[in-house]
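Structure record follows, encoded as structure tokens.
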Amino acid sequence: MIGLIQRVSEAKVTVDEQVTGQIEQGIVLLLGVEKDDNEEKAKKLFERVLNYRIFSDENGKMNLNLKQVGGGLLVVSQFTLVAQTNKGNRPGFSQGASPQLGESLYNYFVELGKNSEINCETGRFGANMQVSLVNDGPVTFSLSV
């Protein structure tokens, strides 16, 4: 499971001109699911995202996590994150999860977020989404479990 996190001052996802998720300060998570992923990996990644210290403290150092700043989490499914890009001019997707597994683990991840103390918003799995964000920094990290 791969998560690309971006620290944002605001972000939203639109599907068919309808906003499906929107946050102010927080993290946009682009979530890629691989064929060998499971709920245990999803839970580990969720905990890492929640506790990853990418927000500045009073001294300007990245010492605070999402919970400590009261930020939101916007989860967007992104199957292209799991693409093999090491050779050729076309990405390969043989390591990607099936659509059924991908959606199941995406929904599980979102459920973890909705059942936590943070504001968790989402895109729509499998949809053509427009993601708008203001990357704060910019600060972007790739996390995997």
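The values are calculated or read from the model by the stated rules, or taken from the named source; none is laboratory data. This one's a predicted model, so the numbers in the text were calculated from it and none came from an experiment. Here the Cβ positions follow ideal geometry from the backbone for every residue, glycine too, while neighbour counts run over all protein chains shown. SASA here: full protein model, heavy atoms, side chains in, ligands and nucleic acids out. Shrake-Rupley method; radii C 1.70, N 1.55, O 1.52, S 1.80 Å.
Quick notes on this one:
- For the chain, modelled as a GNM whose springs connect Cα atoms under 10 angstrom apart, the maximal fluctuation among 92, 102, 60 occurs at 60.
- Classified by the C-alpha gyration tensor, the range 90-145 has an oblate form. Its axis ratio a/c, with a ≥ b ≥ c, is 1.5 or above, and a/b does not exceed b/c.
- Its Cα centre serving as origin, the range 1-61 has a Cβ charge dipole (Lys and Arg +1, Asp and Glu -1) of approximately 260 debye.
- Signed unit charges on C-beta, dipole axis of the chain, positive-most listed residue 95, 108, 140: 95
- Applied to the range 136-142, the Karplus parametrisation 6.51 cos²θ - 1.76 cosθ + 1.60 on θ = phi - 60° returns per-residue 3J(HN,Hα) values of 8, x, x, 10, 9, 9, 9 Hz, with x for Gly and Pro.
- Listed residues 106, 52 arranged by accessible area, highest first, probe 1.4 Å: 52, 106
- About the centre of its Cα atoms, the chain shows a dipole size close to 440 debye [charges on the beta carbon of Lys, Arg (+1) and Asp, Glu (-1) only; nearest 20 debye].
- Proximity of backbone amide H atoms, modeled 1.01 Å from N, is registered between residue 97 and 33, 34, 35 at under 5 Å, excluding neighbours fewer than 5 places apart on the same chain.
- Near residue 74, the amide H atoms lying under 5 Å from its own belong to 27, 28, 29, 121; only residues 5 or more places off or on other chains count, and H is placed 1.01 Å from N.
- Summarising the amide proton neighbourhood of residue 139: residues at separation of 5 or more, or on other chains, whose placed amide H is nearer than 5 Å comprise 7.
- The loop-placed GluC sites (Glu not before Pro) in the range 53-113, going by DSSP, that have at most 12 neighbouring Cβ atoms within 10 Å of their Cβ come out as 58.
- Carbon plus sulfur fraction of accessible area for the chain, probe 1.4 Å, in percent: 43
- Those lysines that a straight Cα-Cα span of less than 17 Å connects to residue 87, excepting residues fewer than 8 apart in one chain: none
- Listed values for the range 97-103 are Karplus-derived 3J(HN,Hα) couplings in whole Hz (6.51 cos²θ - 1.76 cosθ + 1.60, θ = phi - 60°), namely 5, 4, x, 5, 5, x, 5, and x replaces Gly and Pro.
- For the range 110-120, 3J(HN,Hα) computed residue by residue from phi via the Karplus equation (6.51, -1.76, 1.60; θ = phi - 60°) reads 4, 4, 4, x, 5, 8, 9, 7, 9, 7, 10 Hz, glycine and proline entered as x.
- Per residue solvent-accessible surface (Å²) - the chain, probe of 1.4 Å: 55
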